[in-house]
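Below is one structure; the comments refer to it alone.
The values are calculated or read from the model by the stated rules, or taken from the named source; none is laboratory data. Bear in mind that the values here come from a model prediction, so they are computed numbers and not experimental data. Reconstructed Cβ throughout: ideal geometry from the backbone, glycine too, with neighbour counts over all protein chains shown. Ligands, DNA and RNA are excluded from the accessible area calculation, which covers all protein heavy atoms including side chains. Shrake-Rupley method; radii C 1.70, N 1.55, O 1.52, S 1.80 Å.
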Amino acid sequence: SLSANKLPPLHWAKLEFLTPVYCPMDSLVIGSRLDTEVNANACRLAFSGRLVERYDAKTDNGKIKTYTKKEKVGTVCRLGDPFRRSDDNKVVRYEVFGTDLFKKETNMSQFVGLVMETDRGE
């Protein structure tokens with residue numbers, strides 16, 4: 001059991017529906033994957049939890065920080081020279097040459113220093 005000083009971590013989820021759903025406070029909310037085949041040997045439960053706070057997107061915008069995951073897809077033609085880091089001895093590459101990733105007018109400064117991963121995990 002948990003002591004009063006150490007509560008379990010609280011995770012938040014913002015759910016938006018096309019049609020409003022009535023849920024009283026402290027309701028148990030269960031989400032399932034209805035697009036999964038009923039007879040498939042797979043768990044259809046997506047999430048569950050208690051409704052702990054009301055959130056109105058029109059008035060509470062600053063209450064929850066949200067982000068949109070973005071992904072850019074292109075073709076890697078060649079990787080730059082390998083470099084072995086001294087702190088963890090891992091081989092990394094600081095240059096990538098590719099096509100179809102950015103438009104000609106894209107400001108590249110916002111992408112400098114970001115981590116890139118190929119479909120092979122490199």
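Near Phe102, no amide H atom lies under 5 Å from its own; only residues 5 or more places off or on other chains count, and H is placed 1.01 Å from N.
For the chain, what is the charge dipole size about the Cα centre, in debye to the nearest 20, if Lys and Arg each add +1 at the Cβ and Asp and Glu each add -1 at the Cβ? Spell out each step's value before the answer.
Numbers: 20 positive and 17 negative charges, 43 e Å.
Computed charge dipole of the chain: roughly 200 debye.
Building the convex hull from the alpha-carbon atoms of segment 2-109 and averaging its projection over directions returns 15.5 nm². Projecting the Cα atoms of Ala57, Gly121, Leu7 onto the charge dipole of segment 2-122, computed from C-beta unit charges around the Cα centre, puts Leu7 farthest toward the positive end.
Tell me the carbon and sulfur percent of the accessible area for the chain, rounded to whole percent, probe radius 1.4 Å.
Numbers: 6330 of 12100 Å².
About 52 percent, which is the carbon plus sulfur part of the accessible surface.
A 1.4 Å probe run over the protein chains yields, for the chain, 99 Å² of accessible area per residue, whole-number rounding. About its Cα centre, segment 57-102 has a charge dipole of approximately 260 debye under the convention of +1 per Lys or Arg Cβ and -1 per Asp or Glu Cβ, with nothing else charged.
At most 12 other Cβ atoms within 10 Å plus a DSSP loop assignment makes a site exposed; report the longest stretch of the chain without any exposed chymotrypsin sites (Phe, Trp or Tyr not before Pro). Walk me through the numbers before you get to the answer.
Details: sites that count: Trp12, Phe17, Tyr22, Tyr67, Tyr94.
Between the exposed loop sites, the longest stretch runs 23-66.
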